[in-house]
Amino acid sequence: MTDGHDASCADYGVTRRNLLKSAGLIGMAGVSTAMFGDVLTSTAYGATTGNILVVLSLRGGADGMSMMVPHAEQAYYAARPSIAVEKGRLFRPDATFGLHPSFAPLADLWDSGRMAAIHAVGLPTPNRSHFEAMELVEDADPGSSERIGWLNRVIGCFTSTDVFDGIQVGSTVMPTSLIGPEPSFATSDFTSLSAPWADHATLGPRMRSVLSNMYRDAGTVIGRAGQEAIALDRRTGTISAEEKKGPQNGAVYPQYNELGEALASSAALIRAGVGVRAIAVDFGGWDHHVDISWRISHQIDQMSKSIAAFLTDLGPHASRVTIVTLSEFGRRLGQNGAAGLDHGYGNAVFALGAGVQGGYYANWPTLATGKQIDGDLAVTTDYRSVLAEILQARFPEVGVGTVFPGLSRTSLGFMSPY
Amino acid sequence: MVDLPGTQPRLPEYAQHLVRRFTYGHHGRLEADVLRHRDADAWFEAQLSPGRDAEADATLAWFPHLEDSAAVAWQNARDGVYGGWQYGNDLVRYSLCRRVVATFQVHEVMVDFWSNLLHIPAGEDSSFPWRMHYDATAIRPHALGTYRALLRAAVTHPAMSGYLSNHRNTKAQINENLGRELLELYTVGRTSGYTEDDVKSSARLLTGFTVAVGKDYAAGYDPAKHFVGAVTVLGQRFENAAADGRAQLNAYLDWLAGRPETAARIARRLCVRFISDDPPQSAVDAVAATYLDSGTDIRACLRTLVRHPGFRAAAFQKARTPVEDVLATQRACDIVPTGAGSGSHVDSFSWQCGWTGQAPFSWPRPDGSPEQSDTYLSPARMLRTWTAHTWMANTSSALKQATRPHVRDLIPPVWPLPLEDLVHHQAVMMTGRRASRETVDGAATLIDKPATHVFSKTWERETDHLAWMLTLIRTAILNSPEAMLR
């Protein structure tokens with residue numbers, strides 16, 4: 001089914017920066033800083049019950065056909081003599097697909113119908129460059145040269161424009177999806193995110209006042225970064241206090257795993273109730289050119305355990321949180337000389353948690369010779385359609401047409417209607 | 001009133017700009033070095049032909065494992081004597097120490113630049129035994145040479161073969177990894193329009209190199225694994241007829257290095273690093289033209305870049321990356337490492353890099369850390385960099401295996417001492433320029449005195465009191481926006 005173009009979100013044109021600009025306040029000493037602070041504190045509580053989107057970026061090009069195995073296809077086994085996942089080991093198979101056995105830690109989620117596996121998803125045209133493909137996936141606005149990521153456009157649709165709307169956890173480097181005019185931030189965790197001497201009775205306030213004055217010019221890149229830092233400083237105390245409590249509800253994250261650590265921080269952020277709406281988490285290590293079998297097995301195992309722990313950790317908040325995985329491309333159908341897979345095309349996407357109607361979904365193109373694209377799995381579902389379906393179901397205030405301009409989308413029905 | 005000595009900049013604006021862009025930050029010794037030359041351009045020209053850098057080279061002795069052969073490094077890692085991550089951490093700390101103390105700063109900056117373009121993470125499993133060798137023999141000797149020679153040295157190096165799976169790329173079974181990144185990242189780029197068949201051809205030309213990854217890391221070349229037969233890349237035919245394909249590969253690499261698409265990409269990357277995140281196209285074009293005319297001569301490219309009006313106009317348009325900020329802060333505070341034992345100050349500032357958002361040589365993908373400086377300006381990074389500045393500004397805490405000037409040597413020998421003059425005096429010492437109005441006001445606020453305050457009471461002359469005043473003043477200077485820009 002084709003829904004055509006959705007309407008833009010009504011408030012997109014009235015973001016905070018535009019408000020400031022129209023009021024002539026940008027760059028005016030003191031005023032914009034004060035207003036900034038007011039906006040932040042006044043929205044901090046209002047948004048605490050909103051739905052939350054967690055985007056898990058599987059960087060490196062995760063192999064969808066190892067994760068959601070098309071076990072009915074003889075071509076799959078023929079092309080991968082030593083690295084195919086055997087039929088007998090598949091987890092929760094149906095007639096067409098089966099999950100990699102390392103998904104077992106998500107058994108409860110799958111069995112309760114809250115995990116959807118969607119195949120043959122990807123960019124509208126093949127791109128086997130990691131960097132370009134990831135850039136395209138995260139920008140999601142083909143033909144536009146503006147460097148504004150799709151998550152940033154999502155944030156732009158929320159009535160609150162708050163630095164806490166969009167957060168990158170796990171790295172302090174901003175991903176493309178979050179870059180743009182809306183405030184957002186990137187961090188490895190929520191400890192030590194305060195101004196110098198924050199706890200000192202006299203120096204703390206003096207330092208904050210000095211920084212506010214030095215960085216008052218929001219018209220410069222560094223000025224804006226400084227102001228957002230000062231805004232962040234006011235609220236990270238709550239989050240780090242929540243983070244120090246550790247995982248709740250008996251959740252156990254895998255040890256020494258960066259994804260587990262990032263999701264534990266994210267759970268604390270959500271539990272702290274500061275009003276976060278979108279969280280981007282980077283989970284690299286999927287570029288399996290060599291010896292894919294044991295490598296991907298380990299990756300899926302760590303990912304499944306981390307997600308299971310995250311949902312447990314969230315407790316009642318889990319009913320607000322939807323997780324979606326994204327990777328820049330799938331991998332080739334045929335194995336290479338190193339028991340690995342080079343860069344391919346069509347891929348599998350997973351949606352988990354609130355609002356998801358579990359099961360296998362695909363407009364499956366098959367692996368028949370005539371259906372492959374340059375020897376790879378074809379794409380029958382634009383990845384933006386998958387994201388649009390989640391946004392429409394969970395964020396009715398977000399205009400899908402604004403986030404994905406010009407997208408003619410198809411619905412797979414893996415989300416419960418809002 | 002007579003000016004307090006040391007409150008006026010010693011270098012003209014343009015020289016300050018050139019130094020900020022091509023060094024790891026202001027330092028008194030660097031300033032004196034520039035002043036010994038006729039002008040800033042003469043200093044820059046001298047920097048382009050670096051001699052032996054005694055102080056930088058001496059820091060290698062602090063990391064004895066970096067001289068281990070690949071076989072020994074692997075043996076040590078396997079036996080649990082010294083892990084791959086420790087080899088990686090040593091290379092990180094060694095590189096940071098060089099950048100802090102080196103006389104030939106431009107060379108260190110260019111080693112950094114090319115290491116990021118031809119990026120191999122330090123301590124990575126398939127390459128760590130060769131990673132120091134890569135730094136010493138592939139990157140450093142060519143950092144101010146020609147890109148053609150640099151590309152040959154890097155692409156055929158065992159560390160690169162291990163990192164990008166070329167050791168598993170054979171005529172029997174092609175592995176595209178290095179063949180693709182060679183086109184996409186190191187030379188012509190995606191916009192050149194190469195096809196998937198071109199990628200496979202590129203990989204075929206790279207077959208034959210061997211590294212015993214996971215065994216003893218012995219590296220070599222095995223003609224029996226080399227694909228023989230003509231291939232075509234971007235319309236150019238390579239006969240590839242010899243069993244030993246290395247001569248053909250060199251010709252292929254030279255051809256790639258000399259392509260105009262490569263020139264445009266290298267030129268843009270240089271301009272993004274040294275001019276601005278969005279450099280003028282005329283500057284990119286000028287550097288690309290020099291690149292081609294000079295036979296990929298890196299020094300010629302840098303000369304063209306700094307002579308372009310776009311360079312002169314770009315002062316303070318780049319933010320320091322987290323690593324650049326950590327290094328500039330050590331240099332501003334004249335903190336000099338004297339060793340790198342466990343728990344040393346070198347460990348502290350190396351840790352600060354990662355904590356503020358950019359652990360050196362740890363970017364997880366082959367495309368290197370972003371050269372765009374706005375990527376690093378997240379609010380979390382700002383808060384942590386401000387905090388790290390506060391630690392480094394402290395004039396009295398003890399440093400392990402590092403020196404810093406005695407407080408007595410930081411205070412001007414003048415009495416009474418106006419606060420504003422003292423702030424300018426510290427700013428000139430630390431950054432080579434006078435403090436902004438906001439910085440003076442900020443220092444006064446931290447001290448809780450009016451900006452017009454004059455230190456004149458006897459107790460205000462005490463070293464301990466002034467040490468604390470200096471800590472607050474230096475915190476204001478390091479945390480000002482202009483100190484975070486370059």
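Each value in this text was obtained by applying a stated rule to the coordinates, not by laboratory testing. On a predicted model such as this, the values are computed, not experimentally measured, just so you know. Backbone-built Cβ (ideal geometry, glycine too); neighbour counts: all protein chains shown.
Tell me, in nm to one decimal, what length is gained between A:A72 and A:D111 on full extension, where the rule is 0.36 nm per residue of separation less the Cα-Cα distance? Intermediate results must be reported in sequence, preceding the final value.
Numbers: separation 39, 0.36 × 39 = 14.04 nm, distance 2.19 nm.
Length gained, A:A72 through A:D111: 11.8 nm.
Mind listing which chymotrypsin sites (Phe, Trp or Tyr not before Pro) in the range A:42-139 are in a DSSP loop and have 15 or fewer other Cβ atoms within 10 Å? Could you put the intermediate results ahead of the total?
Working: sites: A:Y45, A:Y76, A:Y77, A:F91, A:F97, A:F103, A:W110, A:F131; in loops: A:Y45, A:F97.
Qualifying residues, ordered by number: A:Y45.
Hey, quick one: spin label on A:S411, modelled 7 Å out along Cα-Cβ, who in the range A:386-404 has an amide N within reach, i.e. under 16 Å?
A:386-401
Tell me which of B:W85, B:S69, B:W43 sits at the most positive position along the dipole axis of the range B:1-126, charges placed on C-beta atoms (Lys, Arg +1; Asp, Glu -1).
B:W43
Taking 0.36 nm per intervening residue step and subtracting the Cα-Cα distance, what contour gain separates B:L35 from B:K449 on full extension? If you can, show how the numbers build up before the last one.
Working: separation 414, 0.36 × 414 = 149.04 nm, distance 3.63 nm.
Extra length available between B:L35 and B:K449 comes to 145.4 nm.
With an 8 Å Cα cut-off and a minimum separation of 6 or more residues, compute the relative contact order for the range B:75-169 in percent. Intermediate values should be presented prior to the final figure.
On the way: 85 pairs, mean separation 25.7, N = 95.
Once divided by the residue count of the range B:75-169, the mean separation gives 27 percent.
How well do other chains shield peptide B:358-364, expressed as the mean number of their Cβ atoms within 10 Å of each residue Cβ?
Values: counts 3, 0, 0, 0, 0, 1, 8.
That works out to 2 on average.
For the range B:402-427, list residues with backbone N below 11 Å from a point placed 7 Å from the Cα of B:S456 toward its Cβ?
B:416-418
Averaged over its residues, how many other protein chain Cβ atoms are within 10 Å of peptide A:331-340's Cβ atoms?
On the way: counts 0, 1, 0, 0, 1, 9, 11, 9, 2, 4.
Mean partner shielding for this stretch: 4.
Which angle between 0 and 90 degrees, to the nearest 10, do you get for helix B:379-393 versus the longest principal axis of chain B when only C-alpha atoms count?
60 degrees
Normalised by the number of residues in chain B, what is the relative contact order in percent for Cα pairs under 8 Å and 6+ residues apart? Mind showing how you got there, number by number?
Details: 768 pairs, mean separation 83.9, N = 486.
Here the relative contact order equals 17 percent.
Can you tell me the dipole magnitude for the protein assembly as shown around its Cα centre, using point charges on the Cβ only (Lys, Arg +1; Asp, Glu -1), in Debye to the nearest 20? Can you show the working numbers first?
Values: 82 positive and 93 negative charges, 134 e Å.
Value, rounded to 20: 640 debye.
Please report the spacing between the Cα centers of the range A:244-298 and the range B:419-486 in Å, no decimals.
Using only Cα atoms, the two centres lie 44 Å from each other.
What is the distance in Å between the Cα centres of the range A:50-83 and the range B:340-404?
Their Cα centres are 38 Å away from one another.
Using R₀ = 51 Å, calculate the FRET efficiency as 1/(1 + (r/R₀)^6) where r is the Cβ-Cβ separation of B:A172 and B:L292; round to 0.05.
Numbers: r = 38 Å, r/R0 = 0.75.
Once the sixth-power term is evaluated, E becomes 0.85.
Over the range B:407-486, calculate the relative contact order: mean separation of alpha carbon pairs under 8 Å at least 6 apart, over the residue count, as a percent. Can you show the working numbers first?
Working: 75 pairs, mean separation 27.9, N = 80.
With pairs under 8 Å counted, the relative contact order is 35 percent.
State the Kirkwood hydrodynamic radius of the protein assembly as shown in Å, one decimal place, computed from all pairs of distinct Cα atoms.
Values: mean 1/r = 0.0344 Å⁻¹.
Over the protein assembly as shown, the inverse of the mean reciprocal pair distance is 29.1 Å.
Within 10 Å of each Cβ in B:331-338, how many Cβ atoms from other chains are there, averaged over the peptide? Walk me through the numbers before you get to the answer.
Numbers: counts 0, 0, 0, 0, 0, 0, 0, 0.
That average works out to 0.
For B:T463 and B:T403 in one chain, what is 0.36 nm times their gap in residues minus the Cα-Cα distance, to one decimal in nm?
That works out to 19.8 nm of additional length.
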